[in-house]
1. Against the definition (under 24 Å from A:Ala234 (Cα atoms), more than 23 Å from the chain's Cα centre (by Cα) and assigned by TED's automatic domain parsing to the domain that holds A:Gln259), how does A:Val303 come out, yes or no?
2. Right, B:Arg82: in contact with a Phe, Trp or Tyr (Cβ under 8 Å, 6 or more places away or on another chain) and more than 7 Å from chain A (Cβ to nearest Cβ) or not?
3. If I filter region A:127-139 for residues that are outside any loop (DSSP other than H, G, I, E, B), over 23 Å from B:Glu73 (Cβ atoms) and modelled with pLDDT under 95, do I get at least one hit?
4. Just need a number here: residues in region B:27-46 that are surrounded by 19 or more Cβ atoms within 10 Å (Cβ to Cβ), under 24 Å from B:Asp170 (Cα atoms) and at the interface with chain A (Cβ under 9 Å from one of its Cβ atoms).
5. List the helices (runs of 4 or more DSSP H) that sit entirely inside region B:104-215 and contain at least 1 residues that are facing chain A (nearest Cβ under 8 Å) and modelled with pLDDT under 80.
6. Which pairs turn up if I take residues in region A:271-288 that are buried (at least 17 other Cβ atoms within 10 Å of the Cβ) and look for partners that are among the polar types (S, T, N, Q) with beta carbon separation below 7 Å, at least 6 apart in sequence or on another chain?
7. For region A:230-247, how many residues meet the condition of being closer than 19 Å to A:Phe333 by Cβ and surrounded by 20 or more Cβ atoms within 10 Å (Cβ to Cβ)?
8. State whether the residues of region A:308-315 include one that is under 26 Å from A:Asp108 (Cβ atoms) and free of Cβ contacts under 8 Å to residues at least 24 places away in the same chain.
Amino acid sequence: MNELTALREAGPEAPALSSAARSAARAALLAEIDGPAPARRRKPSRRTTLRLGAAGVAVAAAWTAAVVIAAPDGPGTPADSVTLVDFTMPTFPLSLDPVPDGLRPAFDGDGDGASIAAYDDPTGEHGFTLYVGDDESPRPDEDVAGVEVAAVEEVSVDGRDAELVRWSQDWCTGDGLGEDCGRRAFTWLTWERSEDQWVTIEAHGRYRTSEQVLAIARSLVDRPQPATLDIGLAPAGWSVQFFKTGRVLTLVNDAYEQQEITVHVPLPEDVAPADQVRSSIMGPIGPQLDVVVHGRPAQLVLVDTGYLDQRGWFLQAQFTDGTTFTLQVPDAFTQEQVLEFAEQVTHRP
Amino acid sequence: MVGLRSAHRSIDPPPDPVPLWALPSALPTDAELIARSTSEPEQFTALFDRHAAAVHRYLGRRVGDLADDLLSETFLIAFRRRAAYRPQHVEVRPWLLGIATHVVHGHERTERRRYRTLAKAAGQPEEHAADPAEAADRIDAQALRGPLAGALAALEPRDRDALLLLAWGDLSYAEIAAVLDVPVGTVRSRLHRARRQTRTALGDVSPSSDTPEETR
């Protein structure tokens, strides 16, 4: 056996490509195909979802997996009933002390915890994003179209070596082609904060000076933060797939990954009037039922998902402060379970 | 599977070939899909469906679980660069593996750490199989795993790229040169160095012999 044969037969093996990972990657590609170039960002008043820095590609994959139905290639069979049990949401491991200008974070993550915390001001023009993970983030890549690296510096954060990169890329706001496009400059800082804990800060606007970025880095403390959108119950045997921007949470049936639950806090302009919920959704097969959640009127509709012969419930309800949220759950839930689940959903924007 | 077929072979003359509803030759080639995708971007998804598993396997052998994220990154970059793809330069699968290789560069420390961890883990005793032949195979493989992982961790990244594109990507020298954008002679020297170091690391564990790849 020579070294090539040895590498093939006894070299490190690859983990299996899971259906979820494949679906996420495919969905990210579809999102890229559907989206215009250059990299785009919606207006701050809409969902601040796609952080299109070099470190944001995986983020895009995660987001799209949360909103695009998985490819029908997974094993298992769908659940035809569920048992609701107490559930604790994953947390983001770090806090800022102090939090600059009273900014509130929005978290992105998966079942292992939040890995991204985005702090943006209301305009979206100024802010920064924290990335935490076991591995270092890839440096902004000039091979990516539109990315330009202006400077790279070696700096220190709490005595640890860190790399600071000033870079820029094409940046668009708005939903139409070519509108509001220009360049956005970022400062990117990454370091191994502790053993196998890599932290990256990507700042823009007034937060991108070296002093600001380093101050943010030094203000990090080990204090977990709970997710903005929380649930107190979940079906036994289901787990968090992704949560994004504090507004979207997806759970998946571990035994059948094509079966999902989505909790969504839509932006005000995307909320259907209460008397038009049924006509605003796809595939309604039942009447619009008037129900009560959090002591407020809510609307429940049985739908055909149009996917793998699955049916589900669509619920539009409100938190006690009047903010609207929606649930999409499979019809493995009874009508009573949908309401029981909804009563435990909370949101802390 | 072959044995099963042999055991159930019919003595009747073979039937006429059954016409396929879609002949393989009717499918667009990879290069045709890329060309079409410049005006019909959705055509690119077919390339994902064809090559995602192979790209993930290559990435997974290098970076483990991080391959899930890097698979996505590889195809996003490929899609953005599709207009620059030249079929006469290199075929699509090697092109994708070349992009994957560049993506791994951003995680070189992760990759090395994985090899070091595997090398350390390979030193731990593992359970023996009940079948003596299987047990012998496992012991052979077990003996190689640690030195191999250690050798990969010690290689220069550029040399490792060339070696793994050859060993795990099954790329030819010319294809490696194309995707790494270096002359074939440079590929040869990198492979010579990488293979020599790997062979040295294996030491007496495995006797070396030439393969057809020596002359590709």
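The values are calculated or read from the model by the stated rules, or taken from the named source; none is laboratory data. Since we're looking at a predicted model, the values are computed, not measured. All Cβ positions, glycine included, derive from the backbone under ideal geometry; neighbour counts span all protein chains shown.
1. Spelling it out, A:Val303 is indeed under 24 Å from A:Ala234 (Cα atoms), more than 23 Å from the chain's Cα centre (by Cα) and assigned by TED's automatic domain parsing to the domain that holds A:Gln259.
2. yes
3. yes
4. 1
5. B:132-154
6. What qualifies is A:Val271/A:Thr324; A:Val277/A:Gln288; A:Val277/A:Gln299; A:Val277/A:Gln316; A:Arg278/A:Gln288; A:Gln288/A:Gln299.
7. Total meeting the criteria: 6.
8. Within region A:308-315, one or more residues are under 26 Å from A:Asp108 (Cβ atoms) and free of Cβ contacts under 8 Å to residues at least 24 places away in the same chain.
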